Structure formats: C-alpha cells, structure tokens
Amino acid sequence: MEQNLYLLGLSSMGGLGLFFASLLVFADKKLRVEVDPKILLIEEVLPAANCGACGQPGCPAFAEAVVNGIADVHECTVGGEEVAHQIASIMGVEAKAVQKKVAKVFCRGGNKETDRKAIYYGVTSCSLAAKVGGGEKSCKYSCLGYADCVDSCKFNAMWMNANGLPVVDEDACTSCNKCVEACPRNLIELHSPDIKLHVYCKNRDPGKIAKKTCKVACIGCTLCVKPDPENIKMVDNLAVIEYSDAYLGLEECAKKCPTNAIAYQLDPIH
Amino acid sequence: MGLLTFKSGIHPAYRKNSTEATAICAAKIPKKVVIPLQQHIGAPNKPLVKKGDIVKTGQKIAGSDAFVSSPVHASISGKVKAIASTLHPSGQLITSVTIESDEKDEFFESNPGKREYTDLSSDEIRGIAKDAGIVGLGGAAFPTHVKLSPPKEKKIDAVILNGAECEPYLTADHRLMLEQPEKVVYGLKAVMKSLNVSKGYIGIENNKKDAISAILNMAGKNGADIEVHGLQVKYPQGAEKMLIKAILNREVPAGGLPMDVGVVVQNVGTTVALADSIRDHKPVIERVVTVSGTGVKEPKNLMVRIGTLFSNVIEECGGLNEGARKVIMGGPLMGLAQPSLEIPVVKGTSGIVVLTENEIKAEKARTCIGCGSCVDVCPMFLLPTRIANFSKYDLTEKAEQFGVMDCIECGCCTYVCPSKISLVQWIRYGKGNILEKRKKIKS
C-alpha cells in the first residue's frame, strides 16, 4: 500500500514536471523574441547610474535607443569619452569627440553678500520657497540657498559651503543636468571647464537696486563689454556671455568689473 | 436654542481680551498714503490720475471696465506724488498711487443728499456697491457687486452675515457689531433687497455675547425676517462653507460656491461699508483694523485710512515692544507674514498682529508618524498629510484627485501636527503648480 503511494506521487509529480517542461521548450522555440546582442553588450559598458541624463528612462533604455538609432553613441554624459568610444566600437561607428561639460552656479550672493528682507521659517526647499514666499534674500534672482540642487545630485559632486551657496566638484560632475532642472531660478548651466570667464550673476534689476540687494551683483555698468563686445552683450541691465564653440573668455573683462560679478578663472570650490 | 457648529476644526487660544473691550478710535490721518491699485480679486485696475494731480478724499483714482473688478478711491486729499510699483501685503509688486496729504481732508462730493435702500432698485444697489469699491472686507476682498449678481439659474434664498470672527486676536468685526449694529443690519437688508431674498441670517460666535444681544435688539425692528444665531467658538467657524453648514445645514459641493446651495455670505464689515455708501455716498476709504499681539505696546482697534503704512499704524499704538519679530497681516492662522513695515493697509487688512521671538520659534519638521490628527481636524474632510506628500513629490494629478483644490488653507492641520510639518505650505505649493498647469493648457 505504502509503495503504491510513493509510486503514485512520483509519477504524478514527474508527469506534471515533464508537461510544463515541454511547454517551456515549446515557448522557447516558437515564441522567442530576438534581442540584438549589441544591446546587452552596450548595457554592460554603461555606468549603470540610471540617472536619465541622456533623456532615456535608464541605461537599458539608452542601450536600446542607441541600437535603434534613436540616440547617439556619445550621449551618455556620465560615461564620457571612454564609454562613447566603447559604444562606438560595439556599434562599428566613429565616435565624435565629446566635449566635457560641468555645472556652473551663476550666483555668488551668499549669506555674507546679500541683503535679507526677512527670516524664513518655512519648509527648506528652493522650489517651494520660490513659489510660496520668495525666500529670505532681497534679490529675486539669487540662489535661495535651500540646496535643491545638492539633493538632486546623484554623484556627490555638489555640497553647500559655509556661505550658503552650492559648490560643484568639477571632477566628480558628470553633467547629468539634474541640478540644472532642480534650480527654480535657473542659476545653474552646463559649460566646458575650458571656458575661463563667466558672469556669476543673473540679476536684471537696474544697477541702483541691484547694488542695494547684493554686494556681488551685476550692476549693468557695461565695463566688461568694451574689451570683448562680440561675445558679451548687455541684456536688461545684465552682462550676458554669448557662448560659442571657440569662446574661452578674456581676462581684461573681469579686471574691469567693480563688483566681481564677472570673474576669470574662478576656483570652482570658492 | 443650542449653539450651532460644523464638524471637526480646532480650538486655538483666542487671545482677544487685549482688544475686545477697547472701542474703535479713528487713527490720525497720515501724511502719506500708498494705495495699491489692485485690492480685490479680479481684473487689474488702470490709474485715472497722473503724477502731480490734486485729488480729494473719496475721489476715484483707478478703475476697470471688467465686471469682476472694483475701483479704488483716494483715502486722503492731497497731491499724487508717484505712481510706481510697490510691495503689496500679498508679497507681489503692484502699481500703487502715493498721495501726500494737504492736511485738509476735503471730501470729494459728486452727488450729495440722503438715500435709503428702500427707495433703490436692486440694480441700483449693485451699482452703488461697485462704484464705492466695496469688496469682501473679511479679508478675501472679492468684489461685492459680483456676489450680488448671481447667474439666473442659481436661485438664492438666503443671505448669511458672517460675524464669527474666528481668528485669534482679531476683534474688528466684534467692535463693529457692538458699536454700529444699526449699520450692520441696514447693510444686510440692502443686500437682501438687491438679491430679492426675504430670509437673512447673522452668525456670531458665542464669545461675543454683547455683540449678539446688540444685533438681536436691532434685527427684530421693522419686521424684517432676520435670524441671529449664536455659534460654537471654534476655528474656522468664519469660513463661508463652515458657516453655511452650521446655520443652514447645507453643504457646498466640491469646487462649488455658496451660490450653488442658494446662499450668499457677506462679512459684517462689508455691510457696514454698504450702508455708508448708500446713505452717505462714502466709498471704501477706511476700515477697522485690529492691531494686537504681544509685540505691540498698546493694542487697539483703529479706523484706518486705506493706504496708511503699517509703520504709521503701529506708531499710533505706541510702537513695537522689544523682541517683536513677526508682523502678520490678518490673523495668525491665515494671515500673511510681512517682510517690512513699509507696507500699506489695504481693503482686506482685518488686523495687524505682531508676535515676539519666543512665540514664533519654529521647530524643524520631523517625519509624519501617521497619527491622523490632521485628518480629524480638517473641516473640508480632506487627507492633508497625503495631499501634502503628493504636492511635495510633484504628483499633481494625484493631489488633484485627492481634492487639493478644495483645501481652504485654514491651517488646522499644520496647527495640530505633532511632527510640525508645514502641511499648508506644501498644499499651497501643489495648488500653485496645478494653477500654472491649467494656465498653460488654456493659452
């Protein structure tokens, strides 16, 4: 009797196993989806940060987009030149030279420099302060100082300094664009680290008001425009650099600035 | 008769005793007023005067052709010094007219002679409300003539007068009801006539017993059908929707207005202004402002000209105490903190509350412990903690689905939160995002 039970169990379970195994074999043969082996190869060389900087939802999606010709081989900013070359060799194409870019914070009005209109007790978030209260600094173009950009950085390339301003570690920055999107005042831009001259201010108020609100604000005096009128233009009381591929910046422009709003070779960790 | 009320809500410390017994006194006429051209909800006004013009008290200085708008009048006589954008109590920069006083305070009279509401048609009453620049003086500043012109398909059968004044510190409406009950009731009758409604209600919180009896004495006269109701002392009893629920047991549908349930709600200050404009041709050039809080030396109820700077008003009250730190326009729960004292009193300024350092100590927000206190107190029966989280992570669709637009921003949830989360701030952020999105879709 007992022997029969064992046999029954073995045969029924074994039978079921065989049945499902054959189903799987059938599915594998008939319903197989061909995956381009290149996609898997590219996925392996990608940094797996899944940051979304390329515009695709994660690294696997980017790999697929490259193989399908939607994305370019050099579009992974995190991987940089090295990864671009590897992907190019997998795809059998020539990689274009990748221009490294880093995040630049265009406001130097920290706690010491800017005038404060009030003490802010609310939620410490830039996007919220910009919408609901306007923060505590008088300048309505300045860095709010609640570190939304630092929170958005996945590569530990940003932190807040003692003066209440975000600082970028240019070696660690992968130009993933997250901080650019996080800043509600659009103070962060991506630029080549080779460009030496930048205007570190976005204040468009007339000089008189700008000077009152911040010690390092652009007051629209146009002194910086004279040495390089081709690349620097005055727009609404603010010196704006028109960046082009060959642009590197002239040192004279920064020397003339009375407020140091435009600066040459500013140490990124200032 | 038992006291009426609504479900949920909170019981903050009311702190009204410093001003509830002080009679309204007229403030000195300031040397300079700054009158923002936009003091109402609706279309912006255009200035009707130029720099250098001489204006008289009560002269119309700005107006608009749009229906949902309300004109602005000069509150003192003198010379227009400047027309420039200045800081409005709402935090925005708004074009304002600065008038320097000639210290004569001459009145601009266009049509002298007494009028009574009984001789006027409902259209004429509406016209007077519009010309006099009357807006909701409780704080929302919605043009009154718009409220008096409901669309035809909405049948209005009741007018409620709001004398709840549930915000801590404020006593402006209380004193008005106590000192000028005749005008309050007169204004209510005018509103009822213009809406062709025979039933009027006045709701007053039970911590103003003297005001209730003053109004009761007056309401019974001349056979008008006006009921006066004592309300339980609870915040936010003075919010329109809560008031309607308490008095008429009707519920305004989500996204709807009081007119959807056949009700128009007016503040007592608004009816006093309406009575003045009908009988004395006086536009809104002054209002009662409660100046209170531990940061003020002599708390008072002042009749202040529109456009007087906060600094002048506070000077009138003996100045600031040491340690004064936060200036709020309105009550402490729904009022707006101000970054400076060079801000003008506007039609919606029901009070100026100054708090000291140790009263405003803000604790850092901690994690939500899921206690549900905010859900218990929300008078709109929303889930504040969930909505705030949806807003925080920009899940605007979800937030909308959970009724973020129905939030009346009364602040009950933030008041009770044991983790000190600024729920209302997050909710306002979410609302702002949704409004921006809607604007984009429209354009």
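Worth a mention:
- Among residues that are among the basic types (Lys, Arg) and in the same structural domain as A:Asn156 (by TED's automatic domain parsing), A:Arg32 is not included.
- Top-ranked residue in region B:376-404 [being in a helix (DSSP H, G or I) and surrounded by fewer than 16 Cβ atoms within 10 Å (Cβ to Cβ); ranked as nearest to the other protein chains (Cβ to nearest Cβ)]: B:Glu397
- Any chance A:Leu165 is within 20 Å of A:Gly109 (Cβ to Cβ), in contact with a strand residue (DSSP E or B) (Cβ under 6 Å, 6 or more places away or on another chain) and either within 14 Å of chain B (Cβ to nearest Cβ) or crowded, with 20+ Cβ neighbours inside 10 Å (or both): no
- The lone exception for A:Val83 - which of (1) open to solvent by less than 30 Å² (accessible area, probe 1.4 Å); (2) touching a residue at least 60 places away in the same chain (Cβ under 8 Å); (3) of a type outside the set (Gly, Ala, Ser) it fails: (2)
- Region B:124-163, subset free of Cβ contacts under 8 Å to residues at least 60 places away in the same chain and part of a helix (DSSP H, G or I), residue least open to solvent (accessible area, probe 1.4 Å): B:Gly127
- Residues that are open to solvent by less than 90 Å² (accessible area, probe 1.4 Å) and either in contact with a helix residue (DSSP H, G or I) (Cβ under 8 Å, 6 or more places away or on another chain) or closer than 30 Å to B:Pro150 by Cβ (or both) within region B:99-123 comprise B:Asn111, B:Arg115, B:Glu116, B:Tyr117, B:Thr118, B:Leu120, B:Ser121, B:Ser122, listed in sequence order.
- Candidate set from region A:108-140 (those that are hydroxyl-bearing (Ser, Thr, Tyr) and under 20 Å from A:Lys178 (Cα atoms)); member that is surrounded by the fewest Cβ atoms within 10 Å (Cβ to Cβ): A:Thr124
- Residue match in region B:185-204 (condition: open to solvent by less than 20 Å² (accessible area, probe 1.4 Å), within 17 Å of the chain's Cα centre (by Cα) and closer than 28 Å to B:Thr294 by Cα): yes
- Test for B:Ser96: is it of a type in the set (S, T, N, Q) and open to solvent by less than 30 Å² (accessible area, probe 1.4 Å): yes
- Among the residues of region B:108-140, those that are under 20 Å from B:Lys183 (Cβ atoms) and of a type in the set (A, V, I, L, M, F, W, C) comprise B:Leu120, B:Ile125, B:Ile128, B:Ala129, B:Ala132, B:Ile134, B:Val135, B:Leu137.
- Filter pass, B:Gly323 being surrounded by fewer than 18 Cβ atoms within 10 Å (Cβ to Cβ), without any contact (Cβ under 8 Å) to a residue 40 or more places away in the chain and closer than 23 Å to B:His11 by Cα: no
- Any hit, region A:174-181, residues being open to solvent by less than 40 Å² (accessible area, probe 1.4 Å) and within 14 Å of chain B (Cβ to nearest Cβ): no
- Taking the listed residues B:Ser64, B:Ser70, B:Ser18, B:Ser77, the one that is surrounded by fewer than 22 Cβ atoms within 10 Å (Cβ to Cβ), at pLDDT below 95 and closer than 29 Å to B:Glu167 by Cβ is B:Ser18, with no other qualifying.
- Filtered residues of region B:225-268 (kept if within 21 Å of B:Val346 (Cβ to Cβ) and open to solvent by 10 Å² or more (accessible area, probe 1.4 Å)): B:Gly238, B:Ala239, B:Glu240, B:Asn267
- When region A:101-123 is filtered for residues that are within 9 Å of chain B (Cβ to nearest Cβ) and under 25 Å from the mean Cα position of the chain (by Cα), only A:Val123 remains.
- Some residue of region B:424-434 being open to solvent by less than 10 Å² (accessible area, probe 1.4 Å), more than 12 Å from every other protein chain (Cβ to nearest Cβ), more than 20 Å from the chain's Cα centre (by Cα) and not aliphatic (A, V, I, L, M): no
Residues are listed down the side, and each one gets a yes or a no for (1) more than 20 Å from the chain's Cα centre (by Cα); (2) assigned to a loop (DSSP other than H, G, I, E, B); (3) over 29 Å from B:Ile244 (Cβ atoms):
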| residue | (1), (2), (3) |
| --- | --- |
| B:Gly2 | yes, yes, no |
| B:Phe6 | yes, yes, no |
| B:Pro12 | no, yes, no |
| B:Lys16 | no, yes, no |
| B:Thr22 | yes, yes, yes |
| B:Lys28 | yes, yes, yes |
| B:Val34 | no, no, yes |
| B:Gln39 | no, yes, no |
| B:Lys50 | yes, yes, yes |
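- The residue list A:Leu16, A:Leu41 contains one member that is over 25 Å from A:Phe155 (Cβ atoms) and modelled with pLDDT of 85 or more, which is A:Leu16.
- Positions within region B:347-370 being buried (at least 16 other Cβ atoms within 10 Å of the Cβ) and either within 19 Å of B:Ile328 (Cβ to Cβ) or more than 14 Å from chain A (Cβ to nearest Cβ) (or both), in sequence order: B:Lys347, B:Gly348, B:Thr349, B:Ser350, B:Gly351, B:Ile352, B:Val353, B:Val354, B:Leu355, B:Thr356
- Test for B:Gly133: is it in the same structural domain as B:Asp260 (by TED's automatic domain parsing) and closer than 15 Å to B:Val268 by Cα: no
- Residues in region B:346-375 that are closer than 20 Å to B:Ser18 by Cβ, in a loop (DSSP other than H, G, I, E, B) and under 21 Å from the mean Cα position of the chain (by Cα): B:Thr349, B:Ser350.
- Residues located in region A:219-255, provided they are in a strand (DSSP E or B) and touching a strand residue (DSSP E or B) at 6+ places or on another chain (Cβ under 7 Å): A:Ile232, A:Lys233, A:Ala239, A:Val240, A:Ile241
- Members of region B:329-346 that are within 13 Å of another protein chain (Cβ to nearest Cβ), in contact (Cβ under 8 Å) with a residue 24 or more places away in the chain and surrounded by fewer than 23 Cβ atoms within 10 Å (Cβ to Cβ): B:Leu336, B:Gln338, B:Pro339, B:Ser340, B:Leu341, B:Glu342
The values are calculated or read from the model by the stated rules, or taken from the named source; none is laboratory data. Treat the numbers as computed from the prediction; the structure is a model and nothing was measured. Ideal geometry is used to build each Cβ from the backbone, glycine not excepted, and the neighbour counts take in all protein chains shown. Just the protein is used for accessible areas: all its heavy atoms, side chains included, with ligands, DNA and RNA removed. Shrake-Rupley method; radii C 1.70, N 1.55, O 1.52, S 1.80 Å.
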